[in-house]
Amino acid sequence: MDARVATDSKAAESRLSAPMLTHLQRLEAESIHIFREVVAECERPVMLYSIGKDSAVMLRLAQKAFYPAKAPFPLLHVDTTWKFRAMYEMRERMARESGMDLIVHQNPEAKARGINPFDHGSLHTDMWKTEGLKQAIDKYGFDAAFGGGRRDEEKSRAKERILSFRSAQHRWDPKIQRPELWKLYNTRKGPGETFRAFPISNWTELDIWQYIYLEDIPIVPLYFAAERPVVERDGNLIMVDDERMRLNPGEVPQLRSIRFRTQGDYPLTGAIESTAATLPEIIQEMLLATTSERQGRVIDHDQAASMEKKKQEGYF
Amino acid sequence: MAHQSALIAQDIEAYLDAHQHKSLLRFLTCGSVDDGKSTLIGRLLYDSKMIFEDQLAALEADSKKVGTQGGEIDFALLVDGLAAEREQGITIDVAYRFFSTDKRKFIVADTPGHEQYTRNMVTGASTADAAVILIDARKGVLTQTRRHSYLVSLLGIRHVVLAVNKMDLVEWSQGRFDEIVADYRAFAQQIGIEAFAAIPMSALRGDNITEPSANAPWYDGPPLMRWLEDAPVEDDLREKPFRMPVQWVNRPNLDFRGFSGLVASGVVRPGDKVKALPSGRESTVQRIVTFTGDLDEAVAGQSVTLTLADEIDVSRGDVLAAAGNPPAVADQFEATLVWFDEEPMLPGRPYLLKLGTRTVAAQVAEPKYKVNVNTLEHLAARRLELNEIGVCNLSLDAPIAFDPYAENRDLGGFILIDRLSNRTVGAGLLHFALRRSQNIHWQALDVDKAARARALGQAARVVWLTGLSGAGKSTIANLVEKRLAADGRHTYLLDGDNVRHGLNKDLGFTEQDRVENIRRVAEVAKLMADAGLIVLVSFISPFRAERRMARELMAEGEFVEVFVDTPIAEAERRDVKGLYAKARAGQLKNFTGVDSPYEAPESPEIRIDTTALSPEQAAEAIVAWLEKDSAARR
């Protein structure tokens, strides 16, 4: 995108200056600025990598922020062992291509107790994700974690700061969050305190897709429609991704043309019927869609204000 | 979330191309409680089709349950985010919302109108290009309207629209509208808002939001959405001289050394002469490096990495600037400060100041005045409380490059950070450098502290005794000095009461006077240490921040904190000077331990428990510690 400014300015040489920056160029510059501030002022930053489209954009922005150097922090995947197989393949590929270190953390207690999405409901998310993330941050002593949260995702996130402070017990307290003025971020913290940094806070879902399209960023193939085996449960289309999927009596997986708007644990992620097989088609479908992105995620339906509560407990 | 742009369905690639070239406008909405601000934002999201069916279904359900519109859709519920707020029906923080039209993408900072939330509004305004000021047509220009407008003007927002809302409740009266606009104009001129637009509207009913309203045929201006689409974005920044605060030095290998940052103003091209500040060294831009290839130029707002032709010393916190038109460098300024913290701003207390990418220690002098944001009156002030705004001088520990805030937000806006709590306690706007800062230079002397101390046959020390009144500090300090003098040491004892008879006789016992008291004593102790003396300081010095300031004034290892630890009950029982009795009787205000806090040291070099040691034993322990310490350092 940066290069495009130069090209455009050549095309418009009659004018004194390059054209006004577009909204995506301004967002990109802001995100890069945030990456650099955190890296310059923190001791052990890490980037949470969850393999979805937001992570894909984050990874590209991290590469841009530090080019020609390699991004000076590792990637951390807090794994639940229940991701789609295609996601694991993408994870390995991106780690290889970026040259960054990849840390995979699986909560050993969840593993030992066999916590799974079929038997354990919200405990599954609590243990694998919320607890897993805290464990990983403590284990490696990270003091700052980059995440791909966006303010447009959900109401309680609209008030999230770019830097979100967590106590030494990983708790988020709305009262201790710091005002953020201009481009100034206060990164100082006490012993054991950490923060999450959200460089793409001001991006919307459409911005993310448009950027992926413009920058030709690789994403998990599950975003594109294809014939896949699914079963229908409570109005959700659940893909049968491996032999661990438990079928109810009478359930027979059917091949349908589907795709996923978000990526997560396969038994918890609803697909949509679609034939959108290219990025413009996906974007077109999204723009014409009538339901919000997170509707495919089962955890949000639990209770009103559930994201706010989960955040206070330390979920990303 | 469809923009009903027909292009989406017919030609998505053409739509994407159009969307890609949209500009971005960041704006702020401000209004008093019940002006209908949340309703307006909900309406903007709704009318730009940013609401999905599932959200709409949830909204309809919520509107019936907790809505205030008698079962009709309550748009305010869309944006009142936190559960705590929804229950109380207020917004307590800055929220950011996003929507776009066929022409532009918008980021809205939604800030609450409550009295106590100046902080939030200043935060929201700091990144806004434009401001929407809401007025309830029934109520007209209120005190809060004035406050919001003053803050908008203070933060340098030049595109202002007055949204005269709830016009349906005044029968769309043109007379009423004109009256409000005239009132506002008179006020706006006073505070330097030169131009503004005014739109009669009803956010609840959707009048003059996206389409001109048939209810106001007498109004021929644009509806709000069109005004927002046409408001100029601040692109005059690139007409200004080049500035880039250096964020990070990029050194992947020995052959590459780049300086990364976001261009704050101007344009930069390879071959341009640049100056690094504060060092003043010059070089030439060699390359503008990005992931997608080198650029021919970079403009304000872009994040880039520059390489220079010469190996000059540049690090994080420096500013790269146009060599022919560099910013000034100074360490003393006048600034407007906005205070954010429950703990007041205390003159003399050291805070950290962050401006651009530079963080330095800073002290704020007593305010010249504070501003009553409702009447704009200047009031005398000795400190700033939460949400107060004042004009003060600042003094930094090191010089920084800056531009006045009015010329460049990113080189003139700063935050202050408390050194103990790490909270962001204030924000400020630099006006100008004080002339004395450019004219007084440190005079280098040939005989230094080490030489003076050597001549005295000792190492300089500052032994700082802190503790409650009546803890025994002066008694112990006196005994320590006698012992040291008997050993042939050169000493001086600074006693709290004695210093208050002379140097500090103009100071009282309020928090800010106590801070200044300690600042002066610390500076005197520093001069004496510089003379090579062993300085004994016997002061209550109740605040950690000032003791830490004193410690940081001295050389490493020179400062010895002695906590004379006497429980308050014991000190009060002794009450040698009868002061506790007076304080308890209310005859003595701000008495430490009674109605003013004492913050005990967390890790003093020496702790003396006076309930276990006699004054002689305590003095013995301190002298022994000093001997052992200087032996260890020899």
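Quick note: the coordinates plus some simple rules give every number you see, no bench work behind them. Owing to the predicted nature of the structure, the values given are computational and were not obtained by experimental measurement. Ideal geometry is used to build each Cβ from the backbone, glycine not excepted, and the neighbour counts take in all protein chains shown.
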Worksheet item: For B:K240, which sequence-distant residues (separation of 5 or more, or a different chain) have an amide H within less than 5 Å of its own amide H, given hydrogens modelled in the peptide plane?
Response: B:G266
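Taking 0.36 nm per residue of separation and subtracting the Cα-Cα distance, what length does fully extending B:N374 through B:V576 add?
Using 0.36 nm per residue and subtracting the Cα-Cα distance, I get 67.8 nm.
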Worksheet, complete the sentence: To the nearest 10 degrees, the tilt of helix B:544-553 (Cα long axis) against the first principal axis of the alpha carbons of chain B is 70
Worksheet entry | Residues B:V515, B:V364 arranged by fewest to most Cβ contacts within 10 Å | B:V515, B:V364
Response to the item:
Rg/Rh over Cα atoms for the protein assembly as shown, Kirkwood Rh, comes to 1.00
Fill in: Global size of the stretch B:331-439 as Cα Rg and Dmax, reported in angstrom
12.9, 38
Worksheet item: What is the distance, in nm, between label points placed 7 Å from the Cα along the Cα-to-Cβ direction at B:L527 and at B:A485?
Response: 2.2
Discussion item. Shape verdict for the stretch A:15-86, please, from the Cα gyration tensor: rounded (a/c under 1.5), prolate (a/b greater than b/c) or oblate.
Written reply: oblate
Worksheet item: Can you list the residues, at least 5 places off or on another chain, whose amide H is less than 5 Å from the amide H of B:L507, using H built in the peptide plane?
Response: none
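What FRET efficiency, computed as 1/(1 + (r/R0)^6) with R0 = 45 Å and r the Cβ-Cβ distance, is obtained for B:R607 and A:R96, rounded to the nearest 0.05?
The pair B:R607/A:R96 has a calculated efficiency of 0.20.
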Discussion item. For Cα pairs less than 8 Å apart in space and 6+ apart in sequence, what is the mean separation divided by the residue count of chain B, i.e. the relative contact order in percent?
Written reply: 8
Worksheet entry | Amide H contacts of A:A144 (H built 1.01 Å from N, under 5 Å, at least 5 apart or other chain) | A:R44, A:V46, A:F195
Fill in: Summed residue charge, Cβ within 12 Å of B:R383's Cβ, Lys/Arg positive, Asp/Glu negative
-4
Worksheet item: Any idea what the alpha-carbon Rg over 2.2 N^0.38 Å comes to for the stretch B:113-265?
Response: 1.37
Response to the item:
At R0 = 35 Å the Cβ-Cβ FRET efficiency linking B:L507 and B:R435, nearest 0.05, sits at 0.80
Worksheet entry | Cα centroid separation, the stretch A:209-240 to the stretch B:358-412 (Å) | 53
Practice prompt. Report, to the nearest 10°, how far helix B:473-486 tilts away from the longest principal axis of the Cα atoms in chain B, using its own Cα long axis and a range of 0 to 90°.
Written response: 50
Practice prompt. Within 10 Å of each residue's Cβ, count the other Cβ atoms and sort B:W218, B:W172 from fewest upward.
Written response: B:W218, B:W172
Worksheet item: For q = 0.12 Å⁻¹, what log10 I(q)/I(0) does the stretch B:449-633 give under the Debye formula with an equal point scatterer on each alpha carbon and no solvent?
Response: -0.55
Fill in: Fewest-first sequence of B:L228, B:L434, B:L456 by Cβ atoms within 10 Å of each Cβ
B:L456, B:L434, B:L228
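With the contact rule set at Cα under 8 Å and sequence spacing of 6 or more, what percent relative contact order holds for the stretch B:243-322?
Working: 190 pairs, mean separation 31.5, N = 80.
Dividing the mean separation by the residue count of the stretch B:243-322 yields 39 percent.
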Discussion item. Whole-Hz ³J(HN,Hα) for each residue in the stretch B:381-395, computed from phi via Karplus 6.51 cos²θ - 1.76 cosθ + 1.60 with θ = phi - 60°, x for glycine and proline: what do you get?
Written reply: 8, 9, 7, 10, 9, 3, 6, 8, 10, x, 10, 9, 8, 10, 10
Discussion item. Please compare each pair in B:K449/B:K473; B:K505/B:K582; A:K159/A:K189; B:K103/B:K370; B:K482/B:K589 to a cut-off of 32 Å on the Cα-Cα distance and tell me which ones are over it.
Written reply: B:K103/B:K370; B:K482/B:K589
Response to the item:
In nm, the gap between the two label points placed 7 Å beyond Cα toward Cβ at A:N248 and B:A450 is 8.2
Item to complete: Consider just the alpha-carbon atoms of chain B and return their Rg together with their Dmax, both in angstrom.
Response: 30.7, 98
Practice prompt. Find how many whole Å separate the alpha carbon centroid of the stretch A:88-143 from the alpha carbon centroid of the stretch B:498-567.
Written response: 52
Discussion item. Output the 0 to 90 degree angle, nearest 10, between the alpha-carbon long axis of helix B:143-154 and the longest principal axis computed from the alpha carbons of chain B.
Written reply: 80
Worksheet item: What FRET efficiency do you get for B:A361 and B:T143 if R0 is 35 Å and r is their Cβ-Cβ distance, rounded to the nearest 0.05?
Response: 0.40
